[in-house]
1. Which condition number in (1) within 16 Å of the ligand (Cβ to nearest atom); (2) buried (at least 20 other Cβ atoms within 10 Å of the Cβ) is the one that Leu26 fails?
2. Which residue pairs have Cβ atoms closer than 7 Å, lie 6 or more positions apart in sequence or on different chains, and pair a first residue in the range 94-109 that is closer than 11 Å to Thr152 by Cβ and near the ligand (Cβ under 6 Å from one of its atoms) with a second residue that is assigned to a loop (DSSP other than H, G, I, E, B) and hydrophobic (A, V, I, L, M, F, W, C)?
3. Quick one: which of Ala59, Ala50 is in a loop (DSSP other than H, G, I, E, B) and either surrounded by 13 or more Cβ atoms within 10 Å (Cβ to Cβ) or modelled with pLDDT of 95 or more (or both)?
4. Can you tell which of Glu142, Glu113, Glu173, Glu79 is at pLDDT below 95 and in contact with a Phe, Trp or Tyr (Cβ under 7 Å, 6 or more places away or on another chain)?
5. Give me a count of the residues in the range 129-174 that are assigned to a strand (DSSP E or B) and aliphatic (A, V, I, L, M).
6. Name, by its number, the condition in (1) in contact (Cβ under 8 Å) with a residue 60 or more places away in the chain; (2) more than 15 Å from the ligand (Cβ to nearest atom); (3) under 18 Å from Arg160 (Cβ atoms) that does not hold for Thr87.
Amino acid sequence: MKKVVILYWAKGGNAEKAANVVYAKLGSEVADIFDLESFDMDQLLQYKLALLGGSTVGADKWEDATNDNMWNRFFRTIENRDLSEMTFAAFGLGNQLLYPDNFVDALGIFHDEIAKTNARIIGRWPVTGYRFTNSEGAQKDEFYGLALDEDTEPELTEDRVTRWLAQIQKEIEL
Ligand SMILES: Cc1cc2nc3c(=O)[nH]c(=O)nc-3n(C[C@H](O)[C@H](O)[C@H](O)COP(=O)(O)O)c2cc1C
């Protein structure tokens, strides 16, 4: 039975913290976890589901992002592969009070990049309960993945992850 891989970037911050919450809930029999830099991309197809976790830190496009954006490298690698056997879902960190016009924008970038492959994308999440005015990470009343706000609502992360994983489990057998 193929496993789930949790891939996150950057290291040492809230994306890593959230990735560890996801990992703790899935358990080591179901999931493996790597920061992007430590992950051997040749292993990707060994997994049935990849859960991608990252934060929004301002760059409009990954190509514009400076200092070796690991997500840019990741997406440049997968865009040439046939990933039709795989499924992806994403969780994104943001701050809805400081960045209400760009809350979790990165979820939109993740979605657009994954959509360039033939992979299946799951894990949309309702915008209900969040306070923001605009987001590239949302379409109508749903985010493209799980939105987490460790800066202003850290107490909600555990429960959001639990409910998101329960929803994912309905979309794919874990
Ligand atoms: C320079 C900078 C820009 C940010 N821009 C956004 C943004 O546009 N939208 C958003 O929702 N959060 C934004 N944030 C908030 C981060 O996404 C949030 O603090 C996140 O938890 C950081 O995760 P990390 O520690 O893994 O990087 C920004 C944070 C920084 C430091």
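1. So the condition that Leu26 fails would be (1).
2. Gly94/Phe103; Gly94/Val104; Phe103/Phe132
3. Result of the check over Ala59, Ala50: Ala59.
4. Glu113
5. Of the residues in the range 129-174, 4 are assigned to a strand (DSSP E or B) and aliphatic (A, V, I, L, M).
6. (3)
The values are calculated or read from the model by the stated rules, or taken from the named source; none is laboratory data. No experiment lies behind these values; they were computed from the predicted model shown. Methodologically, a virtual Cβ is constructed for each residue, glycine included, from the backbone with ideal geometry; neighbour enumeration extends over all protein chains shown.
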